[in-house]
Amino acid sequence: MNTKKLIEKKDWHYYVYEENNSITLSVPIPKPNPGFDILYTLSESEKEKYLSTGIKSLENRIEDMKINFSNYEMNSWR
């Protein structure tokens, strides 16, 4: 059974989930309309860094997701 567990969040900035031994980063962006959640599954090395140093290790990834959102999986808010 798949259980998606919220590990960490900063509302309207980022959400980090764990599911089936993988970690997914979700970054909400309001534009383009109607707004999207940008999703990225961490690589093994990113996962290890996140588990040892926390969200600081993902700051560059979060900024890239906001700027280059079309390069990532996008879920519409509608």
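Taking segment 20-34 as the range and being at pLDDT 95 or above and touching a Ser or Thr at 6+ places or on another chain (Cβ under 9 Å) as the test, the residues that pass are Ser22, Ile23, Thr24, Leu25.
Flag set for Thr3, criterion: exposed (fewer than 14 other Cβ atoms within 10 Å of the Cβ) and not small (Gly, Ala, Ser).
For segment 1-10, the tally of residues that are in a strand (DSSP E or B) and either more than 12 Å from the chain's Cα centre (by Cα) or at pLDDT below 95 (or both) stands at 1.
When Glu8 is tested against (1) at positive phi; (2) touching a Gly at 6+ places or on another chain (Cβ under 9 Å), exactly one condition is not met: (1).
The values are calculated or read from the model by the stated rules, or taken from the named source; none is laboratory data. Because the structure is a prediction, the values reported are computed rather than measured. Neighbour counts are summed over all protein chains in view; Cβ atoms, including those assigned to glycine, are modelled from backbone coordinates with ideal geometry.
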